[in-house]
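Take a look at the structure set out below.
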Amino acid sequence: MLEARGRVVAIEDGIAWVETPRQSACGSCAFKGLCGSGLLGDALMGGRVSRIAVRDTLGVQVGDEVVLGLPEDGVVRASLLLYGLPLAGFVGGMTLFQSVGEGWSLLAGGLGLAGGLLLLGPLGRRAAGRQAEPRILARIQDPVVVRCDVHS
């Protein structure tokens, strides 16, 4: 189970809107400010916060800190679909037209890539219905402060 912490910012009709800090693999890299990937990621991620709609099963309140969970197998399947389908279309198109010529092979690969991208919409919606959605696993309680008054 992949987990992330977030804060409930709104509740509407049994749905909790949770803001989580965006994270990238570059966040812990020592060279994050020096490489193109780190700089591009910072530019694209903008506000650094994601807002997620999650069914409220715990009765959380605005301001509560929560732990969100997403099953790993759902993430792996979504990644395979997202990357694998367009790549398969590209390679398949190029392979089918390889004997005709290089230009035709590249054109067929491009069309296969476009076809794979177009299929992502309907297949992604169907797969999303079968995949588990993010859910609130726990409410993070305020830390307990223990006072020890020692008088000597």
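The values are calculated or read from the model by the stated rules, or taken from the named source; none is laboratory data. Keep in mind it's a predicted model, so treat the numbers as computed, not measured. Every residue, glycine among them, receives a Cβ derived from its backbone with ideal geometry; neighbour counts consider all protein chains shown.
Scanning the stretch 49-82 for residues that are surrounded by fewer than 12 Cβ atoms within 10 Å (Cβ to Cβ), at pLDDT below 85 and assigned to a loop (DSSP other than H, G, I, E, B) yields a count of 0. Quick one: in the stretch 90-106, of everything that is in a helix (DSSP H, G or I) and among the aromatic types (Phe, Trp, Tyr), which residue is surrounded by the most Cβ atoms within 10 Å (Cβ to Cβ)? Here the answer is 90. Condition check for residue 146 on (1) more than 27 Å from residue 17 (Cα to Cα); (2) surrounded by 11 or more Cβ atoms within 10 Å (Cβ to Cβ); (3) at pLDDT below 85; (4) hydrophobic (A, V, I, L, M, F, W, C): one failure, at (2).
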